[in-house]
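What follows is a short report on a single structure.
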Amino acid sequence: MSLRLYDAHNHLQDDRLAPHRHAVMEAVQREGIVKMVVNGTCEEDWPEVLALARKHRQVLPSFGCHPWCVEERSAEWQKALQHYLNQGPAAVGEIGLDRWIKDCDLPQQEEAFVWQLRLAVERDLPVSIHCLHAWDRLLELLRAEPRPRLGFVLHSYGGPAEMIDPLAKLGAYFSIPGYFEHDRKARQREAFKQVPPDRLLIETDAPDQLLPDERNAFPLTDVGSGKPINHPANVASVYRFVAELLNEPLESLAMRVEENFQRLFRTS
Ligand SMILES: [Zn+2]
């Protein structure tokens, strides 16, 4: 039987996928991927995210300034973001906090994050959040600020298991990438066993977060660097990994993730 699959987080607009895009979208169609949230990260990639959404019904566009891009944002970035959010159904993201990246400017990251969070609340949109090594601060900000009524997704959640409950109470969904099947990600896998059933989502983060070789059904290479990259159609493999991890039949997992995705992103 064929399953209806949902990818809560990818970057289909990424330059590394551009030369493969036609074949990628054929595979996405064949694999039964109903929707994928395509996350913009900076002013430069928002036009491509919008173009993909207009071309492919599977694409739910998301627009945001990623913490790695805050330093390059222009004086007009807020106006530009509003413009893209005005174009049709969308989410806000990828936004967040990152203390892991070298030379991060945390005050600037926080300012951009909070402004975008408030904008999402004002527009009643769901939010995609990236967080690395800044979990305590994220929790503080989410407690202090207005929060999206529909909720928000913590993509590739790698925070402590103890924080899942308090974050879920604030409206968090948690999405798991195939990358967490690598041996060294045992702590992250264990944490996902604590995620409430109605808050679980699945993602590829393609072209990043490649899954282990034996699970990689769609090997793909970056033409520029010759390095392997993750294919968006690998989401089916991520579902199989998560079904095994949670010891749940694939069909019931797929139904649950569909409900969660549709509730958060208001698609059907
Ligand atoms: Zn991402």
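The values are calculated or read from the model by the stated rules, or taken from the named source; none is laboratory data. Just so it is clear, the model here is predicted, and its values are computed rather than measured. FYI the Cβ positions are ideal-geometry reconstructions off the backbone, even for glycines, and counts take in every protein chain you see.
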Within segment 68-109, tally of residues that are part of a helix (DSSP H, G or I) and within 19 Å of the chain's Cα centre (by Cα): 7
In segment 145-156, residue nearest to the ligand (Cβ to nearest atom) [restricted to those that are within 17 Å of the chain's Cα centre (by Cα) and assigned to a loop (DSSP other than H, G, I, E, B)]: S156
Lone unmet requirement of (1) touching a Lys or Arg at 6+ places or on another chain (Cβ under 7 Å); (2) in a helix (DSSP H, G or I); (3) loosely packed, with under 13 Cβ neighbours inside 10 Å for D136: (1)
Some residue of segment 51-67 being surrounded by 20 or more Cβ atoms within 10 Å (Cβ to Cβ), modelled with pLDDT under 95 and part of a helix (DSSP H, G or I): yes
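Okay, residues lined up against (1) at pLDDT 95 or above; (2) assigned to a loop (DSSP other than H, G, I, E, B); (3) crowded, with 17+ Cβ neighbours inside 10 Å; (4) more than 16 Å from the ligand (Cβ to nearest atom):
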| position | (1), (2), (3), (4) |
| --- | --- |
| A120 | yes, no, yes, yes |
| S128 | yes, no, yes, no |
| C131 | yes, no, yes, no |
| R143 | yes, no, no, yes |
| G158 | yes, yes, yes, no |
| D165 | yes, no, no, yes |
Output for segment 1-46, where each listed residue is touching a strand residue (DSSP E or B) at 6+ places or on another chain (Cβ under 8 Å), within 13 Å of the ligand (Cβ to nearest atom) and either assigned to a strand (DSSP E or B) or among the acidic types (D, E) (or both): D7, A8, H9, N10, M36, V37, V38, N39
Residue that is free of Cβ contacts under 8 Å to residues at least 40 places away in the same chain, within 23 Å of A144 (Cα to Cα) and either in contact with a His (Cβ under 6 Å, 6 or more places away or on another chain) or away from the ligand (no atom under 16 Å from the Cβ) (or both), where the choices are Q58, Q108, Q82, Q87: Q108
Single match in D183, D205 (criterion: acidic (D, E) and surrounded by 21 or more Cβ atoms within 10 Å (Cβ to Cβ)): D205
Any chance F174 is within 15 Å of the ligand (Cβ to nearest atom), modelled with pLDDT of 95 or more, assigned to a helix (DSSP H, G or I) and surrounded by 21 or more Cβ atoms within 10 Å (Cβ to Cβ): no
Of the criteria (1) in contact with a strand residue (DSSP E or B) (Cβ under 8 Å, 6 or more places away or on another chain); (2) closer than 18 Å to V257 by Cα; (3) within 15 Å of the ligand (Cβ to nearest atom); (4) not aromatic (F, W, Y), which one R199 fails: (3)
Flag if G64 is touching a residue at least 60 places away in the same chain (Cβ under 8 Å), within 15 Å of F152 (Cβ to Cβ) and within 16 Å of the ligand (Cβ to nearest atom): yes
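For the condition modelled with pLDDT of 95 or more and more than 25 Å from T41 (Cα to Cα), what is the one hit in L211, L220, L250?
L250
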Residue within segment 43-62 that is farther than 24 Å from C131 by Cβ and acidic (D, E) present: yes
Qualifying residue in segment 202-211 (condition: of a type outside the set (S, T, Y) and over 26 Å from S252 (Cα atoms)): yes
Residues satisfying the stated conditions in segment 6-57, i.e. polar (S, T, N, Q) and touching a helix residue (DSSP H, G or I) at 6+ places or on another chain (Cβ under 6 Å): N10, Q13, T41
